[in-house]
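What follows is a single structure, written as structure tokens, with notes after it.
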Amino acid sequence: PAPAPLDLKNIQGDILSGLPKKTQFYIFFNITNVARFRKDLKKFIPLVKTVAGVLEDRKAIDDHKKKKLPGLVTLSGVNISFSHQGFVKLGIDDTGLAAGGAQDPFVVGQKKDAITNLGDPANKDGTLPDWDPAFLKDIHGVFLISGDSILTLEKKKLEIAVIFGVGTPNTSIKEIITIRGDVRPGDESAHEHFGFLDGISNPTIKGFDTVINPGPKPVDAGVLLTGHTGDPALDIRPDFRPDWATDGSFLSFRYLFQEVPEFNDFLTKNPLAKDGNGKALKPEEGSELLGARMVGRWKSGAPIDVAPFKDDPALAADPKRNNNFEFAGEINSQLRCPFAAHVRKTNPRDDLEVPPPPRGPISIDGRRIMRRGVQFGPELTYREQQEGKTLHARGLLFACYQSSLTNGFQFIQKSWANNKTFPPFETQPEDPGLDPIIGQGVREMSGLDPLNEQKLLTMPAFVVPRGGEYFFSPSIKGLKSTIAT
Ligand code: HEM
């Protein structure tokens, strides 16, 4: 049977549609006056942009483009999410959220999980030397404001501040830190700071997406939304989710710094001499191929599983082809794409679905996440390019949604990216190694040289986690019925 239609007016917009963005604020806050906060929240709820609202905004953007009007449509969208500590502060029982009980990453919080499971560099005494002090505090919630310009965002932020009485003696919230993200300028728009096109492969959802391009099959809504078919909490007990906890999603936020000059320097110093056909490469070509093999896509976005040794911008730009690959022609081989390449590690596609004995087919649908990151920080300066050293903070405000942090973000980081034996191919003598972009631990990987798949290359960390937290983005009904008073 066809899945029941989703209530698009009940689901926060960033989860399924992504708030349209040129620039974004993540405003992390504490609740300082519970009774007042719950009243203020009632006034705030009408500001929340739902999926239905985003779809209307997208129409306005399309019209604007069709009419070839100058500039961008003035648009903004606000979402809100709460941490477990936030619910504790509010005195709200959130046992209907965390299916893993006290061990659930949502309950544990990212500060502890970063050490226990995510592999963030930690001192012996259990402190996180790289983390920004703001994220070492307890954070109760986060407002996400998204829009066309910094002016629109500032106005929205002011509106929110007025609702919660910020600046008055009995304000109900206290800002901990606001982090601003900006889409990169010009041709680099939609590219992350290492230069690769991002945001290509996100799951499509049964009963929601109408355009399904060739590629990974649509997943059940419950992979992303709590309380729907595919939500693993319902396997524990079909009535696990109380009403207020359905139509929500868990948000994993990560403050990830990228060392771009160092990454570029590594590519320059380790060019591949030949491609997989034995053709000699110029040093720049060898460096470009090395980078593409670390990510699994060329900077253009073209997947190397389809275009292994030469970039193909037309392929990259074609939504019908740019996500249509399964690593199917190379089970047990990393000639075209290394096992540990970022996109193969984080979505191994047929590597797990095809059953070479003794493994059976393992569905990876439940491991899909909806990524909604944005870049932060300036473009590389001339001096950074010359010196090959990072002098300005930049990176990715990584954000992803899922119905289970244990199955989604945490699993991908811990059991795939940081695990040198994943994906497990019995017939291949070498270990894949770590994800070269986000893997934490002893950072080496095989398969970078297509003519010498066993060769290991060691590399420094190019991405440094400096904070983050796990949140729950409730439905509008959940906000109204249980969180606000
Ligand atoms: C895909 C970059 C962090 C999970 C990608 C792509 C790029 C990229 C360029 C390919 C474009 C696309 O398919 O949309 C980065 C950078 C990161 C980062 C530069 C850090 C600064 C992470 C983290 C996770 C993650 C922390 C999860 C733990 C994924 C997933 C995909 C992806 C699931 C899609 C794979 C697919 O379906 O083919 N990333 N990423 N990424 N990334 Fe990341």
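Semi-axes of the equivalent ellipsoid of region 1-149 are 33, 20, 17 Å, computed as sqrt(5λ) over the eigenvalues of the C-alpha gyration tensor in descending order. Among Val51, Val78, Val183, the order by Cβ neighbours within 10 angstrom, fewest to most, reads Val183, Val51, Val78.
Net charge of the neighbourhood of Asp265, taken over other residues with C-beta under 15 Å away and scored Lys/Arg +1, Asp/Glu -1, is -3. So what's the back-of-envelope 222 nm ellipticity for the chain, counting only DSSP H runs of four-plus at -39500 (n - 2.57) apiece and dividing by all residues, rounded to 500? Only helices count here, giving -6000 deg cm²/dmol.
Karplus-derived 3J(HN,Hα) values for region 219-229, using 6.51 cos²θ - 1.76 cosθ + 1.60 with θ = phi - 60°, are 9, 4, 4, x, 5, 10, 9, 5, x, 10, 3 Hz; glycine and proline are entered as x. Each Lys or Arg adds one and each Asp or Glu subtracts one; over the other residues with Cβ under 14 Å from the Cβ of Ala393, this totals -3. Treating each Cα of region 99-189 as one equal point scatterer and applying the Debye formula with no solvent, the log10 of I(q)/I(0) at q = 0.18, 0.20 Å⁻¹ comes out as -1.00, -1.05. Assign one of three labels to region 332-477, namely rounded, prolate or oblate, based on the Cα gyration tensor with a ≥ b ≥ c the square roots of its eigenvalues; rounded applies when a/c is under 1.5, prolate when it is not and a/b is larger than b/c, and oblate otherwise. It is oblate, given that a/c is not under 1.5 and a/b is not larger than b/c.
Along region 90-95 the Karplus relation, 6.51 cos²θ - 1.76 cosθ + 1.60 evaluated at θ = phi - 60°, assigns HN-Hα couplings of 6, x, 9, 6, 10, 5 Hz to successive residues, with x for each Gly and Pro. Against the empirical curve 2.2 N^0.38 Å, the C-alpha radius of gyration of the chain lands at a ratio of 0.97. Shown for Thr226, Thr32: other C-beta atoms within 10 Å of each C-beta, ranked fewest to most, produce the order Thr32, Thr226.
Note on Arg180 and His64: the model spin-label points, each 7 Å out from Cα along the C-beta direction, lie 1.9 nm apart. Just the number, please: percent antiparallel of the DSSP beta bridges in region 1-147, rounded to the nearest 5. Just about 95 percent of them are antiparallel. Using only side-chain charges placed at the Cβ, +1 for Lys and Arg and -1 for Asp and Glu, the dipole size of region 266-418 relative to its Cα centre rounds to 300 debye. Distant-in-sequence amide contacts of Thr226, defined by a placed amide H-H separation under 5 Å and a gap of 5 or more residues or a different chain, comprise Asp247, Gly248, Ser249.
Taking the fewest neighbouring Cβ atoms within 10 Å as the starting point, the ordered list for His228, His392 is His392, His228.
Take each of the peptides 4-16, 116-128, average the number of other beta-carbon atoms within 10 Å over its residues, and list them starting from the highest.
Ranked from most to least packed, the peptides come out as 4-16, 116-128.
Counting charges near Phe106 (Lys, Arg +1; Asp, Glu -1) among other residues having Cβ under 12 Å from its Cβ returns a value of -3.
Quick note: the coordinates plus some simple rules give every number you see, no bench work behind them. From a predicted model like this one, the values you see are computed outputs, not experimental measurements. Reconstructed Cβ throughout: ideal geometry from the backbone, glycine too, with neighbour counts over all protein chains shown.
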